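Taking it in order: structure first as structure tokens, then the write-up.
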Amino acid sequence: MRYPLNFLAILALSIAIVSCSPAEPKPQEATVTAQRAQPMKGVVEDVLSKEEQDALTADMVIQSFKEGNDRFLRNDLTARDHSEQVRKSTLAQFPKAIVLSCVDSRVPVEDVFDRGIGDVFVARVAGNFVNEDILGSMEFACKVSGSKLILVMGHEHCGAVKAAVDDVKLGNITPMLAKIRPTVDKVVYDGDRTSKNDEFVHMVCESNVQHTIEQIRLNSPILKEMEDKGEIKIVGAVYDMDNGKVDFLQ
Ligand SMILES: [Zn+2]
């Protein structure tokens, strides 16, 4: 059977189109690609560079945290293109600070300071105390990665602090609370020294932050020297769970 030449040409073209079609983006993917090609107006998509990190001082970082917390309080967090930031920070990071926080699910550290990908290291442990591993993480952040600030941030209504106040004993929680317990004993207070007393718990919370800062200076000669030379600052803060405000203790 013989086919006209133009019929064979159309057939070949159809086969070529069909064989190419799997490589074409699906309609939904094509839309996403088109959106990605157009930078979103007013959306932060850059990450901190080494030059930007080098130009920062600890005081500038503290100020940026205070301004970020103001935006958090106003429910005006910066819009960020996380996908773009993930891509841009793949090979390196130059965070401006390391924050030590409690594990509490009600303390979203990056949001509290309106920070994005590549902005801050975050170490978390119930009761925001330091041990060898967290000190190592802080030394990595500051000495190796160039961060300018160590912020120890406690928070109101902290379950770990309350448990330490009440001297709770339970499994591995017992040795964990032993790290916080000295800060309870340090607080001079004549009233009710139980977790039922919010005033006393608040005092222990602040005492715990100050104690952690002292432990950093005492047990990390590297960080102590960096602080003495003015290369970094080590400061404390308390997050107020009632309104989202961070009060810096300095
Ligand atoms: Zn807590």
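Since every read-out is calculated from the coordinates, none of them should be taken as a lab result. All figures in this text were calculated on a predicted structure; none of them were measured in a lab. All Cβ positions, glycine included, derive from the backbone under ideal geometry; neighbour counts span all protein chains shown.
Applying a threshold of 23 Å to the alpha-carbon distances of 50/148; 179/245; 148/224; 66/186 flags 179/245; 66/186 as lying beyond it. Shown in residue order for region 89-102 are the 3J(HN,Hα) couplings computed by the Karplus curve 6.51 cos²θ - 1.76 cosθ + 1.60 at θ = phi - 60°: 9, 4, 8, 7, 9, 9, x, 8, 7, 10, 10, 9, 10, 6 Hz (x for Gly and Pro).
Couplings for region 116-125, taken from phi via the Karplus curve 6.51 cos²θ - 1.76 cosθ + 1.60 with θ = phi - 60°, read x, 5, x, 8, 9, 7, 10, 9, 9, 8 Hz in order; Gly and Pro are left as x.
Along the Cα-to-Cβ line of residue 103, 7 Å from the Cα, sits a label point; which residues in region 115-157 have backbone N less than 20 Å from it? Taking a point 7 Å out along Cα→Cβ of residue 103, the residues of region 115-157 whose backbone N falls under 20 Å are 121-138, 152-157.
A simple packing score, the average count of other Cβ atoms within 10 Å per residue, orders the peptides 102-112, 44-54 as 102-112, 44-54, with the highest score first. The length gained by stretching the chain between residue 137 and residue 188 to full extension, at 0.36 nm per residue less their Cα-Cα distance, is 15.1 nm.
By the rule of a C-alpha distance below 14 Å, with chain neighbours fewer than 8 residues away ignored, the aspartates and glutamates paired with residue 233 are 59, 139, 214, 225. Spread over its residues, the convex hull of the C-alpha atoms of region 171-250 is 135 Å³ per residue. For region 170-176, backbone phi angles converted through the Karplus equation (6.51, -1.76, 1.60; θ = phi - 60°) give residue-by-residue couplings of 6, x, 6, 5, 4, x, 5 Hz, Gly and Pro being listed as x.
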